[in-house]
Amino acid sequence: MIELKHVYKIYSDGDSEIRALDDVSLFVGQGEFTSIVGSSGSGKSTCMNIIGCLDIPTSGEYYLHGNDVSKMSEKELAYIRNKELGFVFQQYNLIPKLNLIENVELPLIYRRMSPSQRKKLAATALERVGLGDRLTKFPSQLSGGQQQRVSIARALAGNPPVILADEPTGALDSKTGKDVLALLKKLNTEGTTIVLITHDNSIAAQTKRTVRIQDGKIISDVINEDVVSTMENGRKGADLT
């Protein structure tokens with residue numbers, strides 16, 4: 001589904017250069033829940049920006065569903081961002097003057113959907129994150145954890161195959177962060193591919209796979225067997241109910 005091949009992202013600084021990504025190759029298959037973990041300046045956010053079509057590599061190739069994204073036009077990249085990818089950010093990025101269903105509808109407007117179809121999809125997405133009874137509330141009336149759930153609903157509304165979550169628990173207390181992570185796990189068991197960016201090792205350890213990046217290079221790539229087993233058992237249990 002997601003494949004980076006020998007990707008470099010290089011910034012020039014006078015006579016020197018900064019390699020934000022340095023020969024990164026990575027494959028993320030359909031249905032995975034992968035974390036990319038590293039300290040500030042490690043290159044993890046640059047990696048997410050390239051996967052999310054928010055930036056382009058200096059060199060190398062990026063394939064999404066087998067299509068070479070690194071050679072697409074800006075118009076084509078905008079289509080990919082709107083149709084194929086859902087974004088969840090640390091700071092929610094909700095619009096205060098819009099109620100919840102209007103916030104979740106926003107990405108769907110660019111697909112030229114009818115108002116009735118947009119509202120139906122937005123309401124369904126809010127229901128999935130446990131906010132189906134608060135459609136007309138405003139962001140200021142919600143807790144931080146609830147606002148993050150709205151941002152997840154916004155990412156889900158268009159039913160993208162991939163969700164990119166950039167430090168989604170970073171602005172939350174530990175208990176609320178666990179609730180948000182549990183929601184992402186649930187979405188993954190329902191079939192959504194999730195790539196989560198974090199600096200927190202304890203968060204990364206709760207995903208199925210942890211890719212560690214340092215100085216622009218991938219230094220380890222580990223399957224978290226206990227997490228995989230637990231989530232698979234949970235999915236099978238849900239299928240039986």
Practice task
Enumerate the pairs (first residue in segment 69-84 and at pLDDT 90 or above; second residue anywhere and open to solvent by 80 Å² or more (accessible area, probe 1.4 Å)) with beta-carbon separation below 6 Å, excluding pairs fewer than 6 apart on the same chain, so at least 6 apart or on different chains.
Solution key: none
Problem - Residue count for segment 91-108, restricted to those that are open to solvent by 60 Å² or more (accessible area, probe 1.4 Å) and within 25 Å of Val195 (Cα to Cα) - result: 3
Problem - Per-region count, segment 181-211, residues under 13 Å from the mean Cα position of the chain (by Cα) and open to solvent by 20 Å² or more (accessible area, probe 1.4 Å) - result: 1
Handout entry: Unmet requirement for Pro57, which otherwise passes all of (1) buried (at least 20 other Cβ atoms within 10 Å of the Cβ); (2) out of contact with any Lys or Arg (no Cβ under 8 Å at 6 or more places or on another chain)
Key = (2)
Exercise for the section: Look at segment 212-221 and say how many of its residues are open to solvent by 40 Å² or more (accessible area, probe 1.4 Å) and part of a loop (DSSP other than H, G, I, E, B). Expected result: 1
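Matching residues to (1) in contact with a strand residue (DSSP E or B) (Cβ under 7 Å, 6 or more places away or on another chain); (2) closer than 30 Å to Thr192 by Cβ; (3) touching a residue at least 40 places away in the same chain (Cβ under 8 Å):
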{"site": "Lys5", "(1), (2), (3)": "yes, yes, yes"}
{"site": "Lys9", "(1), (2), (3)": "yes, yes, yes"}
{"site": "Ser16", "(1), (2), (3)": "no, no, no"}
{"site": "Arg19", "(1), (2), (3)": "yes, no, yes"}
{"site": "Phe27", "(1), (2), (3)": "yes, yes, no"}
{"site": "Glu32", "(1), (2), (3)": "yes, yes, yes"}
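Being closer than 18 Å to Ile203 by Cβ and within 14 Å of the chain's Cα centre (by Cα) is the filter here; which residues of segment 156-175 pass it? Spell out how you get there, then give the answer.
The initial filter retains those residues of segment 156-175 that are closer than 18 Å to Ile203 by Cβ, namely 163-175.
Once the filter is applied, which keeps residues that are closer than 18 Å to Ile203 by Cβ and within 14 Å of the chain's Cα centre (by Cα), segment 156-175 yields Ile163, Leu164, Ala165, Asp166, Glu167, Pro168, Thr169, Gly170.
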Completion exercise
Residues of segment 222-241 being modelled with pLDDT under 80 and not in a helix (DSSP H, G or I), in sequence order, are Thr241
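Would you point out which residue out of Ala155, Ala171 is part of a helix (DSSP H, G or I) and either of a type in the set (Gly, Ala, Ser) or open to solvent by 40 Å² or more (accessible area, probe 1.4 Å) (or both)? Outline the logic, then answer.
On the way: Ala171 fails: part of a helix (DSSP H, G or I).
None of the others qualify; the one that does is Ala155.
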Practice task
Only residues in segment 166-183 that are within 18 Å of Asn93 (Cβ to Cβ) and free of Cβ contacts under 8 Å to residues at least 60 places away in the same chain count as the first member; pair them with residues that are polar (S, T, N, Q) and in a helix (DSSP H, G or I), Cβ under 6 angstrom, at least 6 apart or cross-chain, and list the lot.
Solution key: Val180/Gln148
Problem - segment 35-82: number of residues that are part of a strand (DSSP E or B), more than 13 Å from the chain's Cα centre (by Cα) and under 15 Å from Glu3 (Cα atoms) - result: 8
Handout entry: Met48 closer than 29 Å to Asn201 by Cα and surrounded by 14 or more Cβ atoms within 10 Å (Cβ to Cβ)
Key = yes
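The values are calculated or read from the model by the stated rules, or taken from the named source; none is laboratory data. What you are looking at is a predicted structure, and each value in this text was computed from that prediction instead of being measured. Here the Cβ is made from the backbone with ideal geometry for all residues, glycine too, and neighbour counts use every protein chain on show. To get the accessible areas, we keep the full protein, side chains included, count just its heavy atoms, and leave off ligands, DNA and RNA. Shrake-Rupley method; radii C 1.70, N 1.55, O 1.52, S 1.80 Å.
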